[in-house]
1. Distance between the C-alpha centers of segment 128-174 and segment 207-229? Whole Å please.
2. In degrees, nearest 10, range 0 to 90: what is the angle between the Cα axis of helix 43-58 and the longest Cα principal axis of the chain?
3. Taking a virtual spin label 7 Å from the Cα of residue 98 along the C-beta vector, which residues in segment 154-189 bring their backbone nitrogen under 17 Å of it?
4. Would you mind giving the average projected area, over all directions, of the Cα convex hull of segment 157-246 in nm² with one decimal?
5. Taking the 0 to 90 degree range and rounding to the nearest ten, how far is the long axis of helix 144-158 tilted relative to the main principal axis of the chain, both from C-alpha atoms?
6. Report the far tail of the P(r) of the chain, meaning the percent of Cα-Cα pairs longer than 30 Å.
7. Place the peptides 64-71, 221-228 in order of packing, highest mean first, counting for every residue the other Cβ atoms within 10 Å and averaging per peptide.
8. Run the quick spin-label model on residue 222 and residue 106: label points 7 Å from Cα toward the beta carbon, then report their separation in nm to one decimal.
């Protein structure tokens with residue numbers, strides 16, 4: 001996602017930081033590189049940006065925000081990523097989920113020490129950004145009305161926090177249940193008021209609003225195709241739940 005407005009937002013949602021490497025260049029190593037070679041980001045900038053965005057989440061309980069590791073080329077893998085928070089006394093490993101997101105700990109000590117967020121990949125292959133998404137449910141049951149409300153919450157949060165010009169004329173059309181690109185076809189079903197189950201179509205698609213993350217298996221729940229009085233049943237937990245705009 002590209003943040004267009006506030007200075008603090010830009011700190012966490014920077015524009016593409018590094019030019020794409022040559023298509024024939026080898027994929028980055030999985031091992032943790034030397035500190036001087038690692039991709040990194042300022043913890044202070046990330047901390048300030050997280051504080052800036054917190055109010056937009058406070059009144060929108062159905063959505064969340066993460067620090068996002070984005071590949072500079074869509075084909076670069078996201079598996080095995082880790083971020084080390086390193087300062088004078090602070091040193092901890094932050095887990096990264098399967099779609100490149102992590103939760104930033106809000107630590108005054110790390111802020112005061114001007115700590116860095118260091119990725120276990122060499123410079124030039126990935127960059128730090130940010131991500132709004134719909135909260136995943138552990139039980140896999142998503143109420144149709146709640147999915148509609150979640151999409152509206154996310155769209156309004158984007159607009160109010162700096163995306164307004166980019167989203168002029170856009171409206172919520174549905175949500176996307178995102179699964180790994182390889183592996184079994186996910187089973188995501190619609191359950192109507194009478195209890196009848198209908199599988200949602202699964203296709204190759206982008207997990208969020210642009211192609212920077214590559215393609216995944218995506219089950220589309222388009223609002224116009226289903227009544228509000230129903231549920232979506234995800235038989236396997238999705239990597240993420242994204243929005244679909246028209």
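Values in this text are rule-based calculations from the coordinates and carry no lab data. No experiment lies behind these values; they were computed from the predicted model shown. Methodologically, a virtual Cβ is constructed for each residue, glycine included, from the backbone with ideal geometry; neighbour enumeration extends over all protein chains shown.
1. 12 Å
2. Once rounded, one gets 20 degrees.
3. Only 176-189 pass the distance filter.
4. Hull-based average projected area comes out at 6.6 nm².
5. Its long axis makes an angle of about 40 degrees.
6. It works out to 29 percent of all Cα pairs.
7. 64-71, 221-228
8. The modelled label-to-label distance comes out at 4.0 nm.
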